[in-house]
Each structure stands twice: as C-alpha cells, then as structure tokens.
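The values are calculated or read from the model by the stated rules, or taken from the named source; none is laboratory data. Everything quoted here is computed from the prediction, not taken from an experiment. Cβ placement follows ideal geometry from the backbone for every residue including glycine, while neighbour counts extend to all protein chains displayed. In case anyone asks, the SASA skips ligands and DNA or RNA and just uses the protein heavy atoms, side chains included. Shrake-Rupley method; radii C 1.70, N 1.55, O 1.52, S 1.80 Å.
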Amino acid sequence: MSLTAAVLVVTSGRNELSDCLNSIEAQDYPVTTYVVTDAIIDFYEFIELKNKYKADNRHFCYWPTKIGGEGWEGRRLIAGCTSLINEDVLFVTQDDDWFKPNHVSSLMEIIESGHDWAYSLMSVYDKDGLFLFDDICECLGEEHVSYNTDTNFAPTGSIAMKTRIYCGLAVYAYNLKGYGPDRIFYDLAKKHYPNFKGSKLHTNCFRLGGNDGSVKKEFFDLGISMMKFKYGNKMPWQ
C-alpha cells in the first residue's frame, strides 16, 4: 500500500500562493494540502483567501494571533502544524515557491523504498516566475558541499520526510529565532536519521525576492561561475 503524502503551505497571503497551489494540484502523486496562516493577515482576508483557493483535498487553518513576530517568517507555524498532520509523509513549502509535477512522486519513491526522508535539488526563478538556472552551487544536499561554506544543505522545500520524524525535528529547529533554522533542521535530520537519499532532480522551484533578506541572483551567478571554473560544465554528481 502506498504511503499518504501531505504538503504544508505557510502563507502570508501573497499572490504567488496561486502558483504554489496550482503546482501541488498538478502533482502526479496524490497529496492532501494544508494552507496555514496567522494574524499576519486579518480573519476577513483569510476567509477571502479560503474562498478563492478552496478545492477538494485542500484544507485551511488560521491562528488568530501573530505567532512569533518580526524575524520569525512563519517558522513557528511549521513547528506547530507538523504535529497535526495525519498523513505518512510531509512536505513543507513557502507560498511563493512551487514544485515541478514529479517533485512529490520522485521523493515518495525514495521513502517508499525504505528511507526515512529524501531531498531534491532546486531550480531558481526570478520574482516573476521566469526560469533562471538550476542550482549547482548551494542547496545540493549530499551531492556536494556548497561553494561558499563547504557544508551540505537542502532547504525546507526540497525535503520530504516521514511525518513522525518531521514533528520532533521541527519543534526544535523551527522554534529558534535568527538565521538558518532550515540548516539546523537538515543537520539534525542528517545526524539522527541517516537513512536518507537525494533524488538528483531539480524539482523544488525557488523564487527570488521573497523578502528583503532573500538571497540575490548575483549570489547564484557567482557560485555557478565558480563551480563551472572548478569542474567544467558537468558537475561531479551529474
């Protein structure tokens, strides 16, 4: 019997949510979607959002106070909501990113083969959703260390994990304020649940310009040029 899958989408009500939800709807593996937000929007805006995006197998949740505050960026919603998911495997994404149609199925295939969690690689898009390049320098999981820190890393949107495991890790990692909770999450998962694998597919779609602190295109431009200078046009893991 196939495992069940859920996608948790944390939203601040941005228009890009439409692209995110459409991409989940287009997955070639059945999923249940949970769209969660808090008082970053008011309740009437939430009702409008719910009515606009309502669909079968899509659920909406609103928390009436702001969870955390400036600098938390919805991370405590992730920490809390993971414990409420009943499906076997959990995916989490922000509302301005999205998945390619085989993102869920390719990672579920790895988990169903006996792994506790799996990760994808990432494609990078501009603010308007136009493709720029595949990331070959930064969010590479165990395929290669990132060019700028010599560490391994896969971001939140690239990870699928058995829900019971996700809960425990998220409660710790996403209740920490400051830089890099997703890096802490990845390091904890790698250390405590070493039975994982990457898909080698660029199926997580990352949109630049999500907030004022978001990484810039120039960061990836530099990283990709440095990786190509070192390895040529084909990376060691390709």
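Please tell me if ASN22 is of a type in the set (S, T, N, Q), in contact (Cβ under 8 Å) with a residue 40 or more places away in the chain and surrounded by fewer than 16 Cβ atoms within 10 Å (Cβ to Cβ). Answer is yes for this residue. Apart from one condition, GLU109 fits all of (1) modelled with pLDDT of 95 or more; (2) among the acidic types (Asp, Glu); (3) on the phi > 0 side of the Ramachandran plot; the exception is (3).
Restricting segment 41-50 to residues that are open to solvent by less than 80 Å² (accessible area, probe 1.4 Å) and touching a Gly at 6+ places or on another chain (Cβ under 7 Å), the residue that is nearest to VAL31 (Cα to Cα) is LEU49. If you check TYR62, TYR53 for being among the aromatic types (Phe, Trp, Tyr), more than 13 Å from SER12 (Cα to Cα) and either in contact (Cβ under 8 Å) with a residue 60 or more places away in the chain or surrounded by 13 or more Cβ atoms within 10 Å (Cβ to Cβ) (or both), only one passes: TYR53.
No other residue among LYS191, LYS127, LYS177, LYS200 is assigned to a strand (DSSP E or B) and either open to solvent by 10 Å² or more (accessible area, probe 1.4 Å) or among the charged types (D, E, K, R) (or both) apart from LYS200. Scanning segment 81-120 for residues that are hydroxyl-bearing (Ser, Thr, Tyr), in contact with a helix residue (DSSP H, G or I) (Cβ under 7 Å, 6 or more places away or on another chain) and open to solvent by less than 40 Å² (accessible area, probe 1.4 Å) yields THR82, THR93, TYR119, SER120. Checking each residue in segment 13-28 for being assigned to a loop (DSSP other than H, G, I, E, B), out of contact with any Pro (no Cβ under 8 Å at 6 or more places or on another chain) and farther than 18 Å from HIS59 by Cβ picks out ARG14, ASN15, GLU16.
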